[in-house]
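The structure appears below as structure tokens.
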Amino acid sequence: MLGDITINLLERLSLVLVTTYLIFQTYVMRNIVGKRLFLKNKITIGIIGGFIGIVGTLSGINYNGAIVNFRDIGVILAGILGNIPGGVVAALISTTFRMFIGGITAIPCSLGTLTAGFISGVISKYHGREHFTFLRTLLYTTILEVVHLTYVLVMVKPAELAFEITFNILFPMILTNALGVSFFNFMIINIENQLQFTEENTMNSIFLIMEKSLSFAEKGLNKESANVIAKVILENTNFDAIALTNKDVVLAHVGSGSDHHISEWPIIDQMTKKVINSGRELTIVNREGINCIKKDCPLFSSIIIPIKDINGKLIGTLKLYYSKYKTIKNADLIFGKKLAQILSLILSIYQINKALKLTTEEKLRELMSNMSPHFLFNTLNAIKYISKEEPEKVAYFIDNLSDLLRYTLRENSQLVSVKKEVDFTLNYLTLMKLRFKDKLDYEIDFDDNIEDELIPPFLLQPLVENSIKHGLKDSKLLVKIKIERSEQGLKIIVKDNGKGFKIIRDSGKGLFLIKSRLESLYGSDYRFNIKHILLGGTMAEIIVKNKSGERV
């Protein structure tokens, strides 16, 4: 009897394992698995785990009023993946269904499942996903199943029936649940590793492309730069052809089909026009969508992705082609999106340089020009390195860099609010923290009631840059920014605990430009001092009177 129950339960478990594996291969699940989970995704994991628990209950075998099942698999798995929220949500769904079925073990089994979900969530929260190796998962699940069956032993009456049920279903329950959770977890770890490998290869290819095309991209998106960029992409990817367009014509087409896909021809295919009009990426899976005039064209499928400037305005499209014997994968779509985003950032340098030439305030233009291609390249290179260990943060830092460049491009006022200037400097510090990691930390302190006060733009960033440039040392550099009202006016302090510098003029022209701009805006009605701190470090202090002007 015991052997039959175990074999039947394992057979049903194997079917559930195969089904769930197929579910976890879907695009939606791959977007959740392997990433840093927000509460929404944890709850989603909990719901999925709850339904796996329901399937585990329905697949169970009746034995003397009890159900020999593998319900706890979904619940424990949800706890491992979704921490406490995932485990509890899965447990509530599973136990609700179990209570609805009823039977003499309904209450103790529900308590056992709730315990399994909560405890697995707690372990995951405080030890992380990596803690759940195959053997540890086996051990934890075994312990949780023993606790589960202890509830049955204690709560079911009469005691003789409880004893018979508990010790007859103990082995099949532990075996199926422990093996099930361990194999599920092992399966998900493999999926995560595949995603990480794909992400790492994607970012490595993107940054290699970026490095080789950066100097040409500074000229903007024209026929010359487009042709070079397209060739670099083709050489460093598995695509059969690459094309770049602006909103009207094909700027470059390299690879298969280049004999009849000619540069500077007007865009004729409706799919590209659709992407240009909607601003959304589109996957084409047949030749009809490519709409080539040549019948024997080797191009069979394509991804068309919009390229936008940092203001979100569309400037062109990137088209990635495969021949007939290759299929577009989800990884290709991810690669295309990220490549287009990186190209947008690089091409934005052209816009920034063009805008700077039109700036009427010479000294402000010099200060803004510090946001150079060199800075952009160093920052993107730092993003490349974190993509290996924390790929989920890549999009965040790229967005952060976009905000930084957007402020640099749009800002043309003499005065901006304290909040906007602080937000801009915080973006800069976040990217510097990415680059220097544990060697740099920062604190920003200002009262909410002064966030609308007006100060010159690009005032804080050069001071912070100066602290980092001259202050970095073997121990951690701490940069503190404090803005407050004083009797003399608005006081701005940037202080660090770094090495400092020998003489003020060695700090470069950034500080000289700040002083010149303060003089032009405030005359003699300001104070700007830089001094060494007795115990080490440097402090820059600026005091300005309240001033009205145009806000950003």
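The values are calculated or read from the model by the stated rules, or taken from the named source; none is laboratory data. Because the structure is a prediction, the values reported are computed rather than measured. Cβ placement follows ideal geometry from the backbone for every residue including glycine, while neighbour counts extend to all protein chains displayed.
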Could you check, for the range 293-304, whether at least one of its residues is at pLDDT 80 or above and of a type in the set (Val, Ile, Thr)?
yes
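Condition check ((1) more than 27 Å from PHE397 (Cα to Cα); (2) in a strand (DSSP E or B); (3) in contact with a Cys (Cβ under 7 Å, 6 or more places away or on another chain)) across all residues:
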site: LEU434; (1), (2), (3): no, no, no
site: TYR442; (1), (2), (3): no, yes, no
site: ASN449; (1), (2), (3): yes, no, no
site: GLU487; (1), (2), (3): yes, no, no
For VAL147, state whether it is of a type in the set (Val, Ile, Thr), crowded, with 22+ Cβ neighbours inside 10 Å and over 38 Å from the mean Cα position of the chain (by Cα).
no
Check LEU179 against each of (1) closer than 17 Å to GLY74 by Cβ; (2) in contact with an Asp or Glu (Cβ under 9 Å, 6 or more places away or on another chain) and name the one condition it does not meet.
(2)
Is it the case that GLU130 is closer than 21 Å to ILE5 by Cα, among the charged types (D, E, K, R) and in a helix (DSSP H, G or I)?
no
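Go over the candidates GLY103, GLY128, GLY112 one by one and state the one that is surrounded by fewer than 16 Cβ atoms within 10 Å (Cβ to Cβ) and more than 28 Å from the chain's Cα centre (by Cα). Break it down into steps so the answer makes sense when it comes.
Numbers: GLY128 fails: more than 28 Å from the chain's Cα centre (by Cα); GLY112 fails: surrounded by fewer than 16 Cβ atoms within 10 Å (Cβ to Cβ).
On inspection, the qualifying residue turns out to be GLY103.
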Which count do you get for residues in the range 234-266 that are in contact with a helix residue (DSSP H, G or I) (Cβ under 7 Å, 6 or more places away or on another chain) and of a type in the set (Val, Ile, Thr)?
4
Counting just the residues of the range 207-245 that are of a type in the set (Val, Ile, Thr) and within 22 Å of THR327 (Cβ to Cβ), which one comes out modelled with the lowest pLDDT?
THR237
Does SER258 satisfy being under 28 Å from the mean Cα position of the chain (by Cα) and either under 27 Å from TYR325 (Cα atoms) or at pLDDT below 85 (or both)?
no
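Residue-by-condition table, conditions (1) part of a helix (DSSP H, G or I); (2) modelled with pLDDT of 90 or more; (3) aromatic (Phe, Trp, Tyr); (4) under 26 Å from ILE5 (Cβ atoms):
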| residue | (1), (2), (3), (4) |
| --- | --- |
| ILE76 | yes, yes, no, yes |
| GLY86 | yes, yes, no, no |
| ALA90 | yes, yes, no, yes |
| ILE93 | yes, yes, no, yes |
| ILE107 | yes, yes, no, yes |
| THR115 | yes, yes, no, yes |
| SER120 | yes, yes, no, yes |
| LEU135 | yes, no, no, yes |
| THR141 | yes, yes, no, yes |
Just one of (1) among the β-branched types (Val, Ile, Thr); (2) closer than 30 Å to THR19 by Cα; (3) at pLDDT 85 or above; (4) outside the structural domain of PHE132 (by TED's automatic domain parsing) trips up VAL285, so point out which.
(3)
Residue among GLY510, GLY500, GLY536 that is of a type in the set (Gly, Ala, Ser), touching an Asp or Glu at 6+ places or on another chain (Cβ under 8 Å), surrounded by 13 or more Cβ atoms within 10 Å (Cβ to Cβ) and at pLDDT below 85:
GLY510
